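Here the structure is laid out as structure tokens; the discussion comes afterwards.
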Protein chains: 2
Amino acid sequence: MTFSRVDVAQVILGDCEYCPVDTFEAWSPVNIALCKYWGKRNGVLNLPVNDSLSVALPGKGTHTRVTRLQVGAKDIVFLNDRPVHEADSFYKKVVAHLDLFRLGRSDRFRVDTVNTIATAAGLASSASGFSALTRAVAGVQGFSLDDGALSILARLGSGSACRSIFEGFVRWHKGEAVDGMDSCAAPLSQVWPGLRLGVLTLTGSAKKVGSREGMARTVESTPLYSAWPVQAEADIAILEEAIAARDFEQLGATAEHNALTMHATMIASWPPLLYWEPESVAVMQKVWQMREDGVPVYLTMDAGPNVKLLFEAQVEGSIRQAFPDVEVVKLFP
Amino acid sequence: MTFSRVDVAQVILGDCEYCPVDTFEAWSPVNIALCKYWGKRNGVLNLPVNDSLSVALPGKGTHTRVTRLQVGAKDIVFLNDRPVHEADSFYKKVVAHLDLFRLGRSDRFRVDTVNTIATAAGLASSASGFSALTRAVAGVQGFSLDDGALSILARLGSGSACRSIFEGFVRWHKGEAVDGMDSCAAPLSQVWPGLRLGVLTLTGSAKKVGSREGMARTVESTPLYSAWPVQAEADIAILEEAIAARDFEQLGATAEHNALTMHATMIASWPPLLYWEPESVAVMQKVWQMREDGVPVYLTMDAGPNVKLLFEAQVEGSIRQAFPDVEVVKLFP
């Protein structure tokens, strides 16, 4: 039996009381995975092959306001204060997500979504975007939902959006159910006030192959992918240990190894998927040189050319000296 | 039961008639693998995990002359007309290889070895070097050996040297025997007069981790390696098909996918093994752009930053235009 996204939304929302309001605002943070999500077992419901583990970026993310329009109007979407044309793929994705919350009613909405991060920074705004949209449209319909249900609904918009429902360290449990009712994120209890993320925005062209297509190509075209879920499973356990023990070297090394292993599966795909620019390699080499010189700094990368640095507060000075353009994010209060 | 290199040489050479001469010269070509050798099942005998397939570079390789010295002298080694100090690792490797051919006698030799390729070009001179040394020292001892036996003896010096015993397309059969008596190379019968290799020598630092250590690290530290022998096995079959059918696209695509998959296993190792320089990525991107623009050109890379191009004679003009510094090698007469 296969399920559509509308089927899943119906199961979650069908018994919710409909208490419509005029407008509702929500916020969700961007998240950076320390153990990556790479590969879907179900591309319609965005069900992953492996568990993933992320940390939210406080203050970096998406504000979304959903306002009720008159019945029969067309949905309207604004991104960063500019109207999005209905032929645009972003418009279509947003409207398809709104559809999940209409439940056959002819409710129409205006969506105002503002990212507090530069798109060029290569931080995944689709995660914070679909998380904030999920919270906002659920709010405008007056559906009373717990965070687990919101996480599942956010996942239907974009897989990693299920993690952006939460702050701090978050684990996305891949689940086993064919309808994905057990595939949602949950926060870890630990905080790590000294942990820092450094964002380096490289010059370079926009990626040619999106994550959705990239994942599908990897799963289909390289035998190396078969080992990925095994490593991800092992990495998550080590990361949780590292977080519990506040062991930075273990956290950093595991996150870097995990990210590079994901990129390895991409590079082994056919046609090859190389998200790196020449400058990415220069930054990687610089990070490794710093480690050789005794600075505990590790890197992670997503499906794009930018490098993110992981380090602790006490080496922030060295990091800023080596990378004058770095944007440093404090991950916990 | 484990075998030393001396054990293996004794088995091969023990029954050979000893007909010493004063001096013997030999030549062997460099080879470029289209399906790479990456990973040893036995590090002493250089027995590989997977079969590999290469093509020799005519005119690029190593000339070696071995001259008999008086009994009791010290071995002397000259590399490119310069004496090599006995504390140098190259001297030690050469002498250890000579040892295999002494069979307990106190023969001493002078070795003059000259590479006809710039070391900086990243072409594996250890393959042509140990192949030429094997031929030359076997010659100076007057041992009458067939090419299969020479291939096994060359392998004891450097794995891929077993392929440099032959010209043209060469397959190294990994074999199954614990003493490696069935692990040797053999030539393929086909020629491909239109096939070209373009060598691009990038600027950049010498590699920090040698192939021997790199292979060992990969085998030990990434779960992705488990899929490598499976893919290599499949790639060899496709390459042999492509060579038989003279199907360039199949040859090029398979060689590129194989090389990138090998690099993927390196990148997934821990600590990470990235042999690429920023410029390597720039060249890769340029090659992919040329393919998008309709030029059939593929790339391969070994454990270093340099990129080698595979193409056919009819696009040589486009290749030279795009890469003015390329050195084009005609692979067959």
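The values are calculated or read from the model by the stated rules, or taken from the named source; none is laboratory data. All values reported here derive from a predicted model rather than from experimental measurement. Positions of Cβ are generated from backbone atoms using ideal geometry, with glycine treated the same way; all protein chains shown enter the neighbour counts. Note: accessible area is taken over every heavy atom of the protein model, side chains too, but ligands, DNA and RNA are not part of it. Shrake-Rupley method; radii C 1.70, N 1.55, O 1.52, S 1.80 Å.
Projecting the Cα atoms of B:PHE166, B:VAL44, B:VAL199 onto the dipole axis of chain B, where Lys and Arg carry +1 and Asp and Glu carry -1 at the beta carbon, places B:VAL44 farthest toward the positive end. What the phi angles of the stretch B:105-114 give under the Karplus curve with 6.51, -1.76 and 1.60, with θ = phi - 60°, is a coupling list of 7, 9, 3, 10, 9, 10, 10, 10, 10, 10 Hz, glycine and proline written as x. Based on the Cβ-Cβ distance of A:SER106 and A:ASP182, what FRET efficiency does E = 1/(1 + (r/R0)^6) give at R0 = 35 Å, to the nearest 0.05? Using R0 = 35 Å, I get an efficiency of 0.60. Label-point spacing at A:THR116 relative to the other copies reads 6.7 nm, in ascending order, each point sitting 7 Å out from Cα along Cα→Cβ. Projecting the Cα atoms of A:VAL315, A:MET290, A:MET266 onto the dipole axis of chain A, where Lys and Arg carry +1 and Asp and Glu carry -1 at the beta carbon, places A:MET266 farthest toward the positive end. Here the simple spin-label model places points 7 Å from the Cα toward Cβ, and for A:SER4 and A:GLU316 these points are separated by 5.0 nm. Each copy carries a label point for A:ASP88 at 7 Å from Cα toward Cβ; from one copy, the others' points are 6.4 nm away, ordered from shortest.
Between copies, B:ALA313 shows label-point distances of 7.0 nm, shortest first, with the point placed 7 angstrom from Cα along Cα to C-beta. Taken over the alpha carbons of the stretch B:1-47 as equal point scatterers, the Debye sum produces base-10 log I(q)/I(0) values at 0.29, 0.34 Å⁻¹ of -1.04, -1.16. Of B:ASP179, A:ASP22, A:ASP107, A:ASP325, the residue with the largest accessible area leads and the full order is A:ASP325, A:ASP22, B:ASP179, A:ASP107 (1.4 Å probe).
For peptide A:227-237, what's the mean number of Cβ atoms from other chains within 10 Å of each residue's Cβ? Working shown, then result.
Numbers: counts 9, 4, 1, 3, 4, 1, 0, 1, 0, 0, 0.
Mean number of neighbouring Cβ atoms from other chains: 2.
Charged side chains reduced to their Cβ positions (Lys and Arg at +1, Asp and Glu at -1) give the stretch A:181-333 a dipole of some 400 debye around its Cα centre.
Largest mean-square fluctuation among B:MET290, B:MET266, B:MET215, in a Gaussian network model of chain B whose springs join Cα atoms under 10 Å apart, belongs to B:MET290. Modelled spin-label separation between A:ASP99 and A:GLU292, with each label point placed 7 Å from Cα along the Cα-to-Cβ direction: 5.4 nm.
For n ≥ 4 DSSP H runs only, could you compute -39500 (n - 2.57) per run for chain B, divide by its residues and tell me the 222 nm figure to the nearest 500? Walk me through the intermediate numbers first.
Numbers: 9 runs with 119 residues, N = 333.
Helix contribution divided over all residues of chain B: -11500 deg cm²/dmol.
In whole angstrom, how far apart do the alpha carbon centroids of the stretch A:237-261 and the stretch B:15-77 sit? The stretch A:237-261 and the stretch B:15-77 have Cα centres spaced 44 Å from each other. Considering only A:ILE238, A:TYR225, A:GLY214, and ranking their Cα positions along the charge dipole of the stretch A:214-253 that arises from unit charges at the beta-carbon of Lys, Arg, Asp and Glu, the one farthest toward the positive end is A:GLY214. Per-residue SASA remark: A:HIS63, around 90 Å² accessible (1.4 Å probe; ligands, DNA and RNA not included).
Within chain B, the longest run free of trypsin sites (Lys or Arg not before Pro) that sit in a DSSP loop with at most 13 other Cβ atoms within 10 Å is B:209-333. Using the Kirkwood radius over Cα pairs, work out the Stokes-Einstein diffusion coefficient for the protein assembly as shown at 25 °C and 0.890 mPa s, in µm²/s as a whole number. Rounded to a whole number, D works out at 89 µm²/s.
A simple charge model with +1 on the Cβ of Lys and Arg, -1 on the Cβ of Asp and Glu and nothing else charged puts the dipole of the stretch B:149-216 at about 320 debye relative to its Cα centre.
For A:SER318, B:SER28, B:SER89, write out the residues from largest to smallest accessible area, computed with a 1.4 angstrom probe and no ligands counted. Present the calculation step by step, with values, prior to reporting the outcome.
On the way: A:SER318 50, B:SER28 0, B:SER89 75 Å².
The most accessible residue leads, giving B:SER89, A:SER318, B:SER28.
Taking Cα centre as origin and charging only the Cβ of basic (Lys, Arg, +1) and acidic (Asp, Glu, -1) residues, the dipole magnitude of chain A rounds to 800 debye.
Which translational diffusion coefficient, to the nearest whole µm²/s, is obtained for the stretch A:245-313 from the Stokes-Einstein equation, given a Kirkwood hydrodynamic radius over C-alpha pairs, 10 °C and 1.306 mPa s?
Working: Rh = 12.7 Å.
Translational diffusion coefficient: 125 µm²/s.
Near A:SER128, within a Cβ-to-Cβ distance under 11 Å, what is the net charge of the other residues, with Lys and Arg +1 and Asp and Glu -1?
Numbers: positive: A:LYS60, A:ARG135, A:ARG163; negative: none.
Taking every Cβ under 11 Å from that of A:SER128, the sum is +3.
Taking a 1.4 Å probe, which of A:SER106, A:SER189, B:SER183 shows the most accessible area, and what order do the others take after it? Spell out each step's value before the answer.
Details: A:SER106 55, A:SER189 110, B:SER183 0 Å².
The most accessible residue leads, giving A:SER189, A:SER106, B:SER183.
Using only the Cα atoms of chain B, construct the convex hull and provide its projected area averaged over every direction, in square nanometres to one decimal. Don't jump to the answer; show the numbers that get you there.
Values: hull surface 67.5 nm².
Directional mean of the projected Cα hull area for chain B stands at 16.9 nm².
Per the Debye formula on identical point scatterers at the alpha carbon atoms of the stretch A:127-198, with no solvent, log10 I(q)/I(0) at q = 0.17, 0.18, 0.22, 0.28 Å⁻¹ is -0.63, -0.69, -0.92, -1.22. What separates the Cα centres of the stretch B:170-227 and the stretch B:285-333 is a distance of 20 Å. Under 5 Å between amide hydrogens, built in the peptide plane, is the criterion, and for A:LYS60 it picks out A:VAL30 among residues at least 5 positions away or on other chains.
Report the local net charge at B:THR64: Lys and Arg +1, Asp and Glu -1, summed over other residues whose C-beta lies under 10 Å from its C-beta. Can you show the working numbers first?
Details: positive: B:ARG65, B:ARG135; negative: B:GLU25, B:ASP112.
In short, 0.
Compactness of the stretch B:198-333 is given as radius of gyration and Dmax, 15.6, 44 Å, from Cα positions.
For the stretch B:1-135, would you read off the P(r) tail past 27 Å as a percentage of all alpha carbon pairs? That tail contains 25 percent of the Cα-Cα pairs.
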